[in-house]
Each structure stands twice: as C-alpha cells, then as structure tokens.
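The values are calculated or read from the model by the stated rules, or taken from the named source; none is laboratory data. Values in this document were obtained by computation on a predicted structure and should not be read as measured data. Methodologically, a virtual Cβ is constructed for each residue, glycine included, from the backbone with ideal geometry; neighbour enumeration extends over all protein chains shown.
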C-alpha cells in the first residue's frame with residue numbers, strides 16, 4: 001500500500017511538472033524585457049537605452065517605459081521578437097544619493113502584455129565642476145615650500161579629492177574633502193624655471209568621474 005501511494009505521488013508530481021512546463025511554453029505574452037543601461041551616466045546628458053524581448057509565438061512586440069524621474073515613454077512601434085529598440089533619455093541632476101528606478105513593460109501585437117516588468121534601479125553621478133585656478137605666489141626660490149589653495153564643487157554634493165599637477169613631473173593626490181571646501185597644499189621645486197600648476201577633482205562616489213583640468217597657475221622659480 002505504501003509503495004502504491006509513493007508511486008501515485010511521484011506520478012502526480014511528474015504530471016504537474018509537465019503541465020506547468022506546457023503552460024510556460026505556451027504562454028501567450030512576451031518574455032520580461034531585457035534592458036541594457038548606459039555606463040557612468042551623468043545628469044543632463046542624453047543616453048541610449050537598448051531594449052528587447054522574446055515572444056514565443058513570434059509576435060511583434062512594443063515597449064512602455066517609466067523613466068523613474070516622473071516621465072514616461074508611450075508604447076513604441078511594434079518590432080520583431082528579439083530585435084532591439086533604442087530609446088534616448090536624459091536625467092536631471094538628482095538629489096544626493098537618489099536612486100532612479102527604470103520600469104519597462106512589453107506587449108505583443110495581439111494585446112498580450114507581460115505581467116512582470118523589467119525593473120532597473122540605478123543612480124546618476126555627475127563629475128565635479130572644473131576647479132578654480134590654484135591660488136598662490138607667482139615667484140619663488142629653489143627648495144622653498146609654497147602654499148596654494150584649491151577648491152571645487154560637486155553638482156551632486158558628493159565629497160571630492162584633487163589631483164595636483166605641479167608642472168615638474170610630480171602629481172599629488174589630496175585627501176577627500178567636502179564639496180566646496182578650500183584646502184591648501186604646499187610644494188617645493190628642485191630646479192629653476194617656470195612651472196604650470198593645474199588641478200582636477202574626483203568624485204568620492206566614483207573615482208572615474210573626473211573633472212577637466214583647471215586653468216594654469218604659473219610660478220617662476222629662481
């Protein structure tokens with residue numbers, strides 16, 4: 001009796017699995033969309049978003065996008081199953097540490113819509129502004145240390161650090177400071193000449209987010 005019950009249970013499980021498999025294979029709606037996000041997005045710049053979906057019936061598909069910033073992209077024109085559609089969008093400068101949530105829905109040309117959207121959370125990190133020209137003396141003596149003040153602001157309010165090119169082949173990185181802080185760095189030169197000092201800022205949230213170099217400050221060492 002026990003063996004008969006076990007075989008019945010096994011048979012029931014197999015039949016249930018086959019039924020679910022057939023239902024999945026025969027689903028009338030397209031698969032959850034696939035979305036390729038741009039890398040290292042910055043605010044107020046337009047980027048391309050690549051979207052696709054596979055429909056098992058071979059029907060054409062259309063996409064609806066909620067960008068996560070309060071705006072939407074209405075249903076797109078229908079395209080072939082598994083082909084890609086390009087969408088373009090720019091995001092405003094977000095509050096500090098703000099996370100955008102992108103949602104993409106898909107339907108086929110018979111009106112069957114996937115019940116599960118693609119959801120992509122991400123954040124936008126804007127590089128710091130170009131630092132002000134380093135401020136300090138215009139003349140100096142060999143081996144004597146001189147101080148220069150530098151500052152920059154980050155549009156997202158993130159902490160920043162600086163790379164200082166002293167013009168003599170040496171580049172120095174500073175500690176992390178708050179956006180808008182003014183810091184002083186000292187340097188001395190081992191040879192005579194005119195040296196161009198410049199500085200750039202890095203974002204603490206992503207050290208690959210780097211500002212352009214500042215204008216030069218020239219110092220003549222005698």
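For the stretch 48-70: of the residues being free of Cβ contacts under 8 Å to residues at least 60 places away in the same chain, touching a strand residue (DSSP E or B) at 6+ places or on another chain (Cβ under 8 Å) and in a loop (DSSP other than H, G, I, E, B), which is surrounded by the most Cβ atoms within 10 Å (Cβ to Cβ)?
55
Could you list, in sequence order, all residues of the stretch 173-198 that are exposed (fewer than 13 other Cβ atoms within 10 Å of the Cβ) and in a strand (DSSP E or B)?
Of everything in the stretch 173-198, those that are exposed (fewer than 13 other Cβ atoms within 10 Å of the Cβ) and in a strand (DSSP E or B) turn out to be 173, 182, 184, 186, 193, 194.
Can you go through 124, 119 and tell me which one is free of Cβ contacts under 8 Å to residues at least 24 places away in the same chain and touching a strand residue (DSSP E or B) at 6+ places or on another chain (Cβ under 8 Å)?
Step by step, each of 124, 119 is checked, and only 119 is free of Cβ contacts under 8 Å to residues at least 24 places away in the same chain and touching a strand residue (DSSP E or B) at 6+ places or on another chain (Cβ under 8 Å).
In the stretch 44-58, which residue that is at pLDDT 95 or above and under 21 Å from residue 30 (Cβ atoms) is farthest from the chain's Cα centre (by Cα)?
Here the answer is 53.
Tally the residues that are part of a strand (DSSP E or B) and surrounded by fewer than 20 Cβ atoms within 10 Å (Cβ to Cβ), restricting the search to the stretch 199-215.
Total satisfying the criteria: 4.
Matching residues to (1) touching a strand residue (DSSP E or B) at 6+ places or on another chain (Cβ under 9 Å); (2) loosely packed, with under 15 Cβ neighbours inside 10 Å; (3) at pLDDT 95 or above:
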residue: 75; (1), (2), (3): yes, yes, yes
residue: 88; (1), (2), (3): yes, yes, yes
residue: 94; (1), (2), (3): yes, no, no
residue: 108; (1), (2), (3): yes, no, yes
residue: 114; (1), (2), (3): yes, no, no
residue: 128; (1), (2), (3): yes, no, no
residue: 131; (1), (2), (3): yes, no, yes
residue: 135; (1), (2), (3): yes, yes, yes
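Quick one: would you say residue 111 is assigned to a loop (DSSP other than H, G, I, E, B) and free of Cβ contacts under 8 Å to residues at least 12 places away in the same chain?
yes
Only residues that are under 22 Å from the mean Cα position of the chain (by Cα) and outside any loop (DSSP other than H, G, I, E, B): list them for the stretch 75-104, please.
85, 86, 87, 88, 89, 100, 101, 102, 103, 104
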